[in-house]
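Inspection log for the structure reproduced underneath, given as structure tokens.
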Amino acid sequence: MNRNPETGPLLHIVLKLLAEDAFDPGLKTHKLKGELSGSWACSVGYDLRIVFNFVQHEGVEAIHLQTVGTHDEVY
């Protein structure tokens, strides 16, 4: 993100939306395959992705962030 400091505010908005509704259509949330099977990803703008898992935390479903990066960095 240091290469694109303007991404910070957008990332903040997307993380908030992800916490509220991981399947909001604007996030383009999708299940991953291959080495990342069992994980999910959503989009932050054109090329930035968030990879995450759904987990249980203190008896409540939560989101565990795995990585944030460009499409090529995370896949």
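Could you please state how large a percent of the accessible area of the chain is carbon and sulfur, counting protein chains only and using a 1.4 Å probe?
Values: 2840 of 5270 Å².
Roughly 54 percent of what the probe reaches on the chain is carbon or sulfur.
Any idea what the relative contact order of the chain is, in percent, if you count C-alpha pairs under 8 Å spaced at least 6 apart?
Taking the mean separation of contacting Cα pairs over the length of the chain, I get 19 percent.
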Suppose only helical runs count, i.e. DSSP H with n ≥ 4. What mean residue ellipticity at 222 nm does that imply for the chain under -39500 (n - 2.57) per run, divided by all residues and rounded to the nearest 500 deg cm²/dmol? -7000 deg cm²/dmol
Rg/Rh ratio calculated on Cα atoms of the chain (Kirkwood radius): 0.96
Magnitude of the Cβ-charge dipole (Lys and Arg +1, Asp and Glu -1) of the chain about the Cα centre, nearest 20 debye, reported as 140 debye
With every protein chain present, what is the per residue accessible area of the chain (1.4 Å probe, Å²)? 70 Å²
In sequence order, what are the phi-derived ³J(HN,Hα) couplings for region 22-34 according to the Karplus relation 6.51 cos²θ - 1.76 cosθ + 1.60 with θ = phi - 60°, rounded to whole Hz, with x for glycine and proline? 4, 10, 4, x, x, 7, 6, 5, 8, 7, 9, 10, x
Which order, highest average first, do 60-73, 43-56 follow once you tally other Cβ atoms within 10 Å for each residue and take the mean per peptide? 43-56, 60-73
Apply the Karplus parameterisation 6.51 cos²θ - 1.76 cosθ + 1.60, with θ equal to phi minus 60°, to every residue of region 58-73 and state each ³J(HN,Hα) to the nearest whole Hz, in sequence, with x for glycine and proline. 6, x, 10, 5, 9, 10, 9, 6, 9, 7, 10, x, 5, 3, 5, 6
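The values are calculated or read from the model by the stated rules, or taken from the named source; none is laboratory data. Everything numeric in this text was worked out from a predicted model, so none of it was measured. Glycine also receives a Cβ, built like all others from the backbone with ideal geometry; neighbour counts cover every protein chain displayed. Note: accessible area is taken over every heavy atom of the protein model, side chains too, but ligands, DNA and RNA are not part of it. Shrake-Rupley method; radii C 1.70, N 1.55, O 1.52, S 1.80 Å.
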